[in-house]
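What follows is a structure written as structure tokens; I'll ask about it next.
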Amino acid sequence: MKKALIKSGLFYFLPVHSYLNSMNLQPKIHASFKTDRLSVMPLSSDLNLELLALETKTILSPEVTKALPSGWQNIDSNDKAAAWIEDRLGESIVLLIHSQDDADLLGFIFLYMDDDSTENSIVIRFGYLLREGNWGKGIGTEVMRGFIQWSKETNYIKSISGGVEKSNIGSIKVLEKVGFIKSNEETEDTLFYSYSF
């Protein structure tokens, strides 16, 4: 039976929270991991939304969001940032990427459940974005290595995949460096990569 799909940016995905709840998978997808410099944890409802909105607004610069959907553009107020956070929480599991040194918010990972997922074999589509000031410092590579390691350790994630704009050479290099394989599937401006376990 096909589930209703929603289009967001590069992917068609299942509304993740309702799907996870219907399959009793919500407890399994509790991604939390650390790397040498980073701490990654789920966005929780007990965080200060006002402070998070302020940090989010600074991350979603025009350069960071230029290839993303219109709902991700022009986030230039705390109210728009808070609404953006609520929208992301409604469609995905949102992970916060923090620096371990000073707890600064560096970016986000978004996890979407693929329609091929079952209780014991989960297929995840993901996206991530980083604060522009952290580009070129190895943060993307480090967070992707940590995400791959966490996914392996779960023993129930079958694969992770994501799309990247053809012009985003930095992200393409990150995905290839950590072992993602380019798929034959692509669109006019997007390449797709996957990592299977």
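The values are calculated or read from the model by the stated rules, or taken from the named source; none is laboratory data. Please read all numbers here as calculations on a predicted model, not as lab measurements. Neighbour counts are summed over all protein chains in view; Cβ atoms, including those assigned to glycine, are modelled from backbone coordinates with ideal geometry.
Is it the case that residue 130 is touching a Pro at 6+ places or on another chain (Cβ under 9 Å), under 21 Å from residue 52 (Cα atoms), hydrophobic (A, V, I, L, M, F, W, C) and modelled with pLDDT of 90 or more?
In short, no.
So residue 160 clears everything in (1) assigned to a helix (DSSP H, G or I); (2) crowded, with 22+ Cβ neighbours inside 10 Å; (3) of a type in the set (A, V, I, L, M, F, W, C); (4) without any contact (Cβ under 8 Å) to a residue 60 or more places away in the chain except one condition, right? Which one?
It is condition (1) that residue 160 fails.
Any chance you could count how many residues in the range 142-157 are part of a loop (DSSP other than H, G, I, E, B) and β-branched (Val, Ile, Thr)?
0
Scanning for something farther than 26 Å from residue 75 by Cβ, basic (Lys, Arg) and either more than 16 Å from the chain's Cα centre (by Cα) or not in a strand (DSSP E or B) (or both), does the range 120-141 turn up at least one residue?
Within the range 120-141, none of the residues are farther than 26 Å from residue 75 by Cβ, basic (Lys, Arg) and either more than 16 Å from the chain's Cα centre (by Cα) or not in a strand (DSSP E or B) (or both).
Taking the condition without any contact (Cβ under 8 Å) to a residue 60 or more places away in the chain and not in a helix (DSSP H, G or I), does residue 97 pass?
yes
Suppose we filter 53, 67 for residues that are in a loop (DSSP other than H, G, I, E, B) and buried (at least 16 other Cβ atoms within 10 Å of the Cβ); which single one remains?
On inspection, the qualifying residue turns out to be 67.
Go through the range 29-86 and count every residue that is over 28 Å from residue 114 (Cα atoms) and β-branched (Val, Ile, Thr).
So the count comes out to 1.
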